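Participant: For reference, the structure I am asking about is given below.
The values are calculated or read from the model by the stated rules, or taken from the named source; none is laboratory data. Just so we're clear, the structure is a prediction, and the values are computed from it rather than from any experiment. Virtual Cβ from ideal backbone geometry, glycine too; neighbours counted across all protein chains shown.
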Amino acid sequence: MPEADLSEVVRQRIRGLRQARGWSLDALAARCHLSPSALSRLETGNRRIDLDQLVALARALGTTLDQLVEPVDDTDVIIRPVRHQEPGLTTWVLSRDAAQHSGRLVAKMRITPERRTGPGHLAVHPGREWFTVLTGTVLLHLGERRLTVGAGEAAEFSTMIPHSIGALDGPVEILTMFDQDGERAHAESSGETPNGRPIPEDRPAAGAP
């Protein structure tokens, strides 16, 4: 990104963070030892921002210098998910690889009645899972319970409870979010590690919810 464009993005971030906190120019200026007029010129582009001012502004706004000056690129915005398919289940991972470091991963799943669920197909692994139903009706086996979750509804549960997610009376689509342990269990059930490589033969695969 050209330096001039990045400079404008930084100014927008400063102004946006200030306004999100409900602060006037005077309030932020007092926190970073600038005059209100100097801060106004910084925000409008009539004055260049030096490094010391950026550090002070980042601290006052409760962010970091890296976050203030992070370049904007379309590749940091658009995610083009790769489809993974197995009997009765199609998965599109909607999070970036970096999401694994934050502990949460988001995916869209299409489940059809061919997917085997219920007694004999229940999984247990550390973590929690959340999903919302986009279309259809989910049949959720959770321990001894047999629950139906309809379109527009959501479910959240501990994955230490034996569980499986299936389709009732036709295909369903869900948007799901799970932590690293849940993501690993989903990947291993399909014979792949989270990065898409096959699981070594001496490593047992875990059942997926």
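Participant: List every residue pair whose Cβ atoms lie under 7 Å apart, where the two residues are 6 or more positions apart in sequence or sit on different chains, the first residue falls within region 22-48 and is without any contact (Cβ under 8 Å) to a residue 24 or more places away in the chain, and the second residue, located anywhere, is among the small types (G, A, S) and in a loop (DSSP other than H, G, I, E, B).
Facilitator: Cβ pairs passing all conditions: A29/S35.
Participant: List, please: which pairs have Cβ atoms under 8 Å, are six or more places apart or on different chains, and start with a residue in region 92-121 that is exposed (fewer than 12 other Cβ atoms within 10 Å of the Cβ) and end with one that is modelled with pLDDT under 85?
Facilitator: The qualifying pairs are D97/N195.
Participant: Okay, next question. Tell me whether region 137-144 contains one or more residues that are assigned to a loop (DSSP other than H, G, I, E, B), of a type in the set (D, E) and free of Cβ contacts under 8 Å to residues at least 12 places away in the same chain.
Facilitator: Kept after step one, since they are assigned to a loop (DSSP other than H, G, I, E, B), are these residues of region 137-144: 143-144.
Now narrow it down to the ones that are of a type in the set (D, E): 144.
With the extra rule that they be free of Cβ contacts under 8 Å to residues at least 12 places away in the same chain, the set shrinks to 144.
There is at least one residue in region 137-144 that is assigned to a loop (DSSP other than H, G, I, E, B), of a type in the set (D, E) and free of Cβ contacts under 8 Å to residues at least 12 places away in the same chain.
Participant: Something else now. Looking at region 169-176, can you tell me whether even one residue there is at pLDDT below 95 and more than 16 Å from L89 (Cα to Cα)?
Facilitator: So far as region 169-176 goes, no, none of its residues is at pLDDT below 95 and more than 16 Å from L89 (Cα to Cα).
Participant: Now for a separate question. From (1) within 24 Å of the chain's Cα centre (by Cα); (2) modelled with pLDDT of 95 or more, pick out the condition that doesn't hold for R128.
Facilitator: (2)
Participant: Tell me, which residue of region 94-125 that is modelled with pLDDT of 90 or more and small (G, A, S) is farthest from the chain's Cα centre (by Cα)?
Facilitator: So the residue we want is A123.
Participant: Which residue, of T91, T64, is among the hydroxyl-bearing types (S, T, Y), at pLDDT 90 or above and in the same structural domain as L134 (by TED's automatic domain parsing)? So that I can check it myself, show each step before the final result.
Facilitator: Values: T64 fails: in the same structural domain as L134 (by TED's automatic domain parsing).
Only one candidate passes the filter, namely T91.
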